[in-house]
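Step one of this worksheet: look at the structure below.
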């Protein structure tokens with residue numbers, strides 16, 4: 001069970017980071033995030049069904065597609081309305097979710113879908129624990145992606161630009177940085193991470209539009225636990241949530257899963273209003 | 001008028017942001033009816049000190065006593081209700097509301113144990129608006145009025161709270177010399193009428209010198225000098241803290257006048 | 001000014017009287033539609049006090065609707081009369097709002113908005129799984145009123161109308177009061193509000209409790225009216241979404257906005273759903289985007305702007 005918890009947590013970690021970045025750096029609570037995640041799943045589904053491409057490979061494509069979608073949504077819809085405050089961005093992202101949800105329902109129906117991989121059933125042994133292969137692979141993939149995101153933020157010009165803008169918008173503008181571009185890239189990165197998570201998710205679990213809402217609930221909790229905009233915080237939050245859900249399901253029964261996440265979030269908020277790891281990851 | 005009782009005591013107040021000591025063991029007192037000037041170059045810690053005193057920032061160290069009551073751990077709204085208020089360097093008007101409504105909020109919620117019934121609070125608000133000279137603008141939205149009027153409104157708002165101590169944080173910032181002069185006169189008039197104690201935070205020297213009974217000088221978060229305007233102006237440490245020539249010229253002017 | 005105020009009150013009274021007699025001219029179907037409009041207006045007023053006036057958007061406010069509905073259902077299944085259960089439902093909802101509100105309202109708007117979604121989802125889960133008490137995912141029934149359907153519809157029509165009028169009037173007086181100024185100050189500038197002596201946490205919690213009160217009574221009435229409720233139905237996030245769209249189009253932060261918005265949205269829904277059945281989600285999404293882009297202040301806001309501009313123009317004419 002511990003193994004399952006950690007493996008799930010890894011996936012949650014990747015999922016939570018995208019949302020946390022969008023919220024922490026742009027102040028946008030992206031209610032369409034769940035739709036973006038499963039869109040990634042469906043993209044991988046199509047690539048698997050039509051071209052027999054493994055989701056671990058097609059995830060790159062879904063990541064790219066979701067990146068572009070994110071950029072378009074941000075530039076076209078959100079950026080003009082940022083000054084309207086949080087109510088407008090909430091409503092607009094919700095509208096996006098509705099539209100995407102409708103498209104998904106129309107094209108793929110509400111049925112649960114899966115990707116049946118040839119090697120899906122195999123395990124390997126580590127000590128006396130059996131580790132499911134695909135879950136393990138997704139964990140590794142998630143870990144790599146998280147680390148790549150971190151490297152991007154710390155070492156590339158754009159990444160550092162995003163950090164700068166998050167720390168001090170006016171300062172960044174003063175030195176001639178294209179602030180809006182930074183925000184857009186950050187947002188697109190968030191949706192890309194969502195898409196990547198979706199592809200990885202598809203390799204293990206079933207997916208359907210029913211997951212749309214709960215995903216947002218989960219990433220919200222993860223973002224709060226880890227502190228908004230904090231990559232490693234979100235990772236920690238994801239692991240914690242994965243663990244809590246698995247343990248909760250095992251000991252209390254699966255119906256209490258949602259409630260557990262909620263209880264944890266409220267408790268952490270009471271104790272440490274800025275999340276487990278404090279404010280942004282660099283300050 | 002000779003009540004010399006101390007109304008506000010700031011003891012060893014410190015605020016550290018990590019390694020940065022924004023305010024470093026500052027202590028001073030304010031007596032009832034005094035105007036204490038709080039000056040220092042930008043970044044000296046004046047606004048941080050104000051935020052500490054009014055409860056907006058948690059203190060790293062130190063205590064604040066208001067009329068012998070320890071208010072160090074109270075929340076901003078509680079401190080406001082006891083009678084200690086502040087204005088903002090960058091004005092914070094209640095957007096979407098009119099000038100009169102802004103002042104009314106101060107009148108309704110300010111000091112506790114007053115009549116906060118709507119009719120009487122409105123009357124109080126209108127009187128204060130008249131006092132500061134904003135009557136013609138009272139129905140304008142705060143988004144439609146000029147900066148000097150915004151400052152007057154914030155002043156009126158704070159007065160409507162009927163405080164005993166006001167921290168005026170750089171009220172003059174952004175005003176031209178004529179407006180500065182008008183504002184100084186207004187502050188002096190109001191202080192007379194309402195028997196207030198004021199901590200007057202500024203870095204426009206002329207305004208502070210003419211109005212303060214005493215001056216406290218901050219630099220890099222520490223108090224470097226305290227005394228009468230004359231004492232402070234001639235203190236070498238103070239001259240050093242500020243940019244030399246321009247300030248020295250300011251001293252000459254004040255010395256020649258006073 | 002007092003003349004136009006008296007004129008407004010007169011018009012409103014006439015409107016209410018017209019509504020009271022309207023059912024005589026309408027089919028049962030339309031009576032039900034308008035009852036639903038009244039209900040949405042109440043729920044929207046509940047959200048209006050939080051979001052329109054205070055600037056804190058409780059996305060999951062539908063949870064109080066569901067709580068109101070379920071407490072009513074459970075209470076009546078134990079034999080309690082409706083009029084006794086309604087206050088119980090309201091009190092339960094208020095208690096929830098206080099317990100859940102205290103930790104989350106201390107913080108700022110962001111957290112609150114989605115925290116309420118999570119809470120709503122969690123409560124939905126609990127209700128779905130506590131089958132012995134709530135009937136679980138299959139729903140639960142309430143006693144049916146032993147009268148002709150037409151009569152029953154009219155009862156609920158009038159009840160909802162009354163609720164809407166009472167709610168709207170209450171909100172009007174609350175906003176004019178000292179407490180109302182406190183709420184509006186929080187939206188205007190929360191920092192300044194704190195420094196002016198406003199206990200913002202207290203105001204936020206009480207505002208949410210009032211919101212819970214309105215919304216839960218709407219839920220209680222709904223449950224008794226439908227005689228059958230299920231968890232997915234009364235905790236549906238679409239209730240909140242519809243409510244937000246209603247507030248947007250009616251104009252947030254105004255007293256009549258939610259009512260106007262409810263009429264526009266529901267009537268549009270009646271007309272459009274049959275045409276757009278398979279695409280209604282996407283259509284709703286597109287409508288939301290269009291409203292945000294073109295009419296962000298809603299009907300009342302845009303009319304308000306128009307009136308102000310006319311006043312300015314008239315003023316200019318006079319002074320020249």
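The values are calculated or read from the model by the stated rules, or taken from the named source; none is laboratory data. Given the structure is predicted, the values throughout are model-derived calculations rather than measurements. No Cβ is skipped: glycine too gets one built from the backbone with ideal geometry, and neighbour counts run over all protein chains shown.
Conditions tested, residue by residue: (1) out of contact with any helix residue (DSSP H, G or I) (no Cβ under 6 Å at 6 or more places or on another chain); (2) closer than 12 Å to residue B:105 by Cα.
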{"residue": "B:129", "(1), (2)": "no, no"}
{"residue": "B:139", "(1), (2)": "yes, no"}
{"residue": "B:143", "(1), (2)": "yes, no"}
{"residue": "B:148", "(1), (2)": "no, no"}
{"residue": "B:161", "(1), (2)": "no, yes"}
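Figure legend. Inter-residue proximity from segment C:1-21: first residues surrounded by 10 or more Cβ atoms within 10 Å (Cβ to Cβ), second residues not in a helix (DSSP H, G or I), beta-carbon distance below 9 Å, spacing 6+ or different chains. Indicated pairs: C:12/C:256. Within segment C:214-236, the residues that satisfy the criterion of being surrounded by 21 or more Cβ atoms within 10 Å (Cβ to Cβ) and within 14 Å of chain A (Cβ to nearest Cβ) are C:231, C:235.
So which residues in segment A:213-229 are more than 10 Å from chain C (Cβ to nearest Cβ) and more than 21 Å from residue A:96 (Cβ to Cβ)? Once the filter is applied, which keeps residues that are more than 10 Å from chain C (Cβ to nearest Cβ) and more than 21 Å from residue A:96 (Cβ to Cβ), segment A:213-229 yields A:225, A:226, A:227, A:229. Looking only at residues in segment B:59-81 that are under 23 Å from residue B:202 (Cα atoms) and without any contact (Cβ under 8 Å) to a residue 40 or more places away in the chain, the one that is nearest to the other protein chains (Cβ to nearest Cβ) is B:76.
Only a single item in (1) over 16 Å from the mean Cα position of the chain (by Cα); (2) within 14 Å of another protein chain (Cβ to nearest Cβ) is not met by residue C:275, and it is number (2). Among residues of segment B:85-122 being touching a strand residue (DSSP E or B) at 6+ places or on another chain (Cβ under 6 Å) and more than 10 Å from every other protein chain (Cβ to nearest Cβ), the one that is nearest to residue B:203 (Cα to Cα) is B:89. Of all residues in segment B:82-118, those satisfying the criterion of being free of Cβ contacts under 8 Å to residues at least 24 places away in the same chain and crowded, with 19+ Cβ neighbours inside 10 Å are B:101, B:108. From (1) surrounded by fewer than 13 Cβ atoms within 10 Å (Cβ to Cβ); (2) touching a residue at least 40 places away in the same chain (Cβ under 8 Å); (3) farther than 15 Å from residue A:41 by Cα, pick out the condition that doesn't hold for residue A:110. Answer for residue A:110: the failing condition is (3).
Being over 16 Å from residue C:35 (Cβ atoms) and touching a helix residue (DSSP H, G or I) at 6+ places or on another chain (Cβ under 7 Å) is not true of residue C:150. The listed residues are C:89, C:159, C:93, C:137, and the only one of them that is assigned to a helix (DSSP H, G or I), touching a helix residue (DSSP H, G or I) at 6+ places or on another chain (Cβ under 8 Å) and modelled with pLDDT under 80 turns out to be C:137. Once segment B:153-191 is narrowed to residues that are modelled with pLDDT of 90 or more and more than 12 Å from the chain's Cα centre (by Cα), the residue that is nearest to residue B:76 (Cα to Cα) is B:161. Residue C:255 meets the conditions (1) assigned to a helix (DSSP H, G or I); (2) within 16 Å of the chain's Cα centre (by Cα) in every case but one. The failed one is (1).
Tallying residues that are out of contact with any helix residue (DSSP H, G or I) (no Cβ under 7 Å at 6 or more places or on another chain) and under 17 Å from residue B:54 (Cα atoms) within segment B:26-41 yields 5. When the residues of segment C:189-209 are filtered to those that are more than 11 Å from every other protein chain (Cβ to nearest Cβ) and surrounded by fewer than 22 Cβ atoms within 10 Å (Cβ to Cβ), the one that is farthest from residue B:75 (Cα to Cα) is C:209. Among the residues of segment B:212-233, which ones are under 27 Å from residue B:83 (Cβ atoms), surrounded by fewer than 21 Cβ atoms within 10 Å (Cβ to Cβ) and in contact (Cβ under 8 Å) with a residue 40 or more places away in the chain? Those that are under 27 Å from residue B:83 (Cβ atoms), surrounded by fewer than 21 Cβ atoms within 10 Å (Cβ to Cβ) and in contact (Cβ under 8 Å) with a residue 40 or more places away in the chain: B:213, B:214, B:226, B:229.
All conditions in (1) touching a strand residue (DSSP E or B) at 6+ places or on another chain (Cβ under 7 Å); (2) within 14 Å of chain B (Cβ to nearest Cβ) hold for residue C:186, with the sole exception of (1). Only one of the numbered conditions (1) surrounded by fewer than 17 Cβ atoms within 10 Å (Cβ to Cβ); (2) without any contact (Cβ under 8 Å) to a residue 24 or more places away in the chain is not met by residue C:172, and that is (2). In this structure, residue C:192 qualifies as part of a helix (DSSP H, G or I), touching a helix residue (DSSP H, G or I) at 6+ places or on another chain (Cβ under 9 Å) and closer than 30 Å to residue B:155 by Cβ. Hey, can you tell me all the residues within segment A:118-159 that are assigned to a loop (DSSP other than H, G, I, E, B) and either touching a residue at least 24 places away in the same chain (Cβ under 8 Å) or over 30 Å from residue A:178 (Cα atoms) (or both)? Hits for segment A:118-159 are A:118, A:119, A:120, A:121, A:122, A:127, A:128.
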